[in-house]
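*Asks:* Submitted below is the structure of interest, expressed as C-alpha cells.
The numbers here are math on the coordinates, done by the rules we state, and not lab data. Because the structure is predicted, anything quoted here is derived from the model rather than measured. Every residue, glycine among them, receives a Cβ derived from its backbone with ideal geometry; neighbour counts consider all protein chains shown.
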C-alpha cells in the first residue's frame, strides 16, 4: 500500500472507533432495552444501513465463488434471499416488532417455555458466530500489513469488542452508517476502473467461458435447490429479528426490509460485475483474493485505499453485528435465562447486561479458536445452514399459529438427522441416497410438525 492508502485505512479505523464510542440518547440508556436494542428507537435509515451492511460479511467468499462458478453465485446467494426476505417483511416483521420480544430465543421462550428458549439460544449462538468473518478479515489484514495471522485476528477482535462493550447495539448501528456508505463507494470505484482498464470490454466479456454464465455453475440441480432452501435461514436470522425488535414501528420494520432488498440487488450487481472483470483480466488469480488482485491491477493510489476500507467495512459491519448477537444470546438467552427463577428480584432484565458483556469475551475467544482451524467460508455457511436451520425454521413458523406443540423434540430431531447424514458421508464418502443433509433434516421437521399439529 502507498502512504495515501495507509492514511485512508488509518482514518477509517479512527472514524470507526469515534462513531463506536460516541454518545447518543439510545446509547446513554443503560437498561437492557437501551443496551440490547438501542432503546427500540431504530429509525428507518438506521434500519436499512445496518441490515444491508451486516449481510455481506463473507464478501471474499462471494468473490471466490464468482471467480470459480460465475453466475451461479447470484442464483444461490441472491435470488432466494431476496424472495425469503420479501416474505419475512410481509408476514413476520410487523408481528415481531409488535411482540416486544428481545430476541429470537426470547420469542421461543415466551411461546414454548424455558427448554425451547434455551435450546434455540444454543442454535442461534452457533449460527451467529462471527468466526467466518473474523477469519476473512484476519486474512485480509495479514495480506496488506504483513502481520502474523494470529496478531491480525486479535487486532480485529479487540477493535470490534472495544466499542460494543460500551455502546451495545447503538454502537453497531452508528458504525454501520459509515460502513454502508464505504462499501458502495469502494466497489463502485473498482467497477469503474475495471471498465477503463479493459479494451473493448463488451467484446472481451464474450470471450469468457460459457460455464461462467451457466446458472448452475456445473453443479447438480439438487445442490442448487439445497442452497435455495438454506436461504430459508432468513426466517430465523437473528440479525433480522434483532432489527425488527429494535425498530421504532412496525412500518419501519416492514419497509426497512423491502428497501434493503433493493440495496442488496444493487450491491450484488457490483460484486458480480467486478468478479466478472476479475475473471476476465486475471487468468491465474487466487479465487479467495479475486477482488483484491483485481484492485491491485486497476486501481490508482487513494482509490486503492478507498477500496480496502470498503472491504474492511463489509466484513467489520458483519463482525460487530454477529459478535453482539452471539454475546447477547450467550449472556442473556442462555446464562441469564438459566439463572432466572420465580423470584421477581432475580427476574430483573438489567441483570443480563453484565452477562452479555461476559458473552462478548466468550464469543470472541470461541471465534478466534474456530477461525484458526476453519476451511472455506462458503463451506461453513453450507454446513451450518444444513444442520441448524432445519431445527429452527418449522418451529419458528408454527409458533405464530399454534402454541401447544411438543416443540423441543421438533427442534432436536431434524438437527440429529442432518448431523447423522454428515457423519455417514465422512465414513463412507457419500451421502445416503446422494441426498444433501439439509433435505432429511427439514423433511423430518415438517413431518413431525404436521403430526403434532393434527394430534392437537
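*Asks:* Which shape class, rounded, prolate or oblate, goes with region 171-276 when its Cα gyration tensor gives a ≥ b ≥ c as root eigenvalues, a/c under 1.5 marks rounded, and past that a/b bigger than b/c marks prolate?
*Replies:* oblate
*Asks:* For a quick protection proxy, order the peptides 73-80, 248-255, 383-390 by their average other-Cβ count within 10 Å, most packed first.
*Replies:* Sorting 73-80, 248-255, 383-390 by mean packing, highest first, produces 383-390, 73-80, 248-255.
*Asks:* Another question about this same structure. Using a basic spin-label model with each label point 7 Å from the Cα along Cα→Cβ, how many nm lie between residue 207 and residue 145?
*Replies:* So the two model labels end up 3.9 nm from each other.
*Asks:* Per DSSP helix of 4 or more residues, -39500 (n - 2.57); summed, then divided by the residues of the chain. What does that give at 222 nm, rounded to the nearest 500?
*Replies:* Details: 22 runs with 333 residues, N = 456.
Calculated mean residue ellipticity at 222 nm is -24000 deg cm²/dmol.
*Asks:* Rg/Rh for region 157-218: what does it come to with C-alpha atoms and Rh from Kirkwood?
*Replies:* Rounded to two decimals, Rg/Rh equals 1.27.
*Asks:* Compute the Rg to Rh ratio over region 246-310 from the alpha carbon atoms, using the Kirkwood formula for Rh, and round to two decimal places.
*Replies:* 1.19
*Asks:* Further question on the same structure: Given region 3-375, report the % of alpha carbon pairs whose separation exceeds 36 Å. Intermediate values should be presented prior to the final figure.
*Replies:* Details: 14812 of 69378 pairs.
Result for the distance tail: 21 percent.
*Asks:* Compute the Cα gyration tensor for region 1-93, then decide on rounded, prolate or oblate, letting a ≥ b ≥ c be the square roots of its eigenvalues: rounded whenever a/c is under 1.5, prolate when a/b is larger than b/c in the other cases, and oblate in all that remain.
*Replies:* Here region 1-93 falls in the oblate category.
*Asks:* Rounded, prolate or oblate for region 49-154? Axes are the square roots of the Cα gyration tensor eigenvalues, ordered a ≥ b ≥ c, and the cut-off for rounded is a/c under 1.5. Don't skip to the answer; put the middle values down first.
*Replies:* Details: a/c = 2.73, a/b = 1.51, b/c = 1.81.
Taking the square roots of the gyration eigenvalues as a ≥ b ≥ c, region 49-154 is oblate.
*Asks:* Computed over the Cα atoms of region 93-234, what is the convex hull's projected area averaged over all directions, in nm²?
*Replies:* Mean projected area for region 93-234: 14.1 nm², to one decimal.
*Asks:* Follow-up question, since we're still on this one. Students often check this: by mean Cβ neighbours within 10 Å, which of 195-203, 276-284, 35-43, 326-334 ranks highest, and how do the rest follow?
*Replies:* 326-334, 35-43, 276-284, 195-203
*Asks:* May I pose another question? Quick one: 165, 453, fewest Cβ neighbours within 10 Å first, how do they rank? Walk me through the intermediate numbers first.
*Replies:* Numbers: 165 17, 453 13.
Least crowded to most crowded, the residues run 453, 165.
*Asks:* Considering the Cα trace of region 52-95, what is its radius of gyration and what is Dmax, both in angstroms?
*Replies:* 12.9, 40
*Asks:* How far, in nm, would the chain grow between residue 17 and residue 348 when pulled straight, counting 0.36 nm per residue and subtracting the alpha carbon separation?
*Replies:* This chain segment gains 116.1 nm when fully extended.
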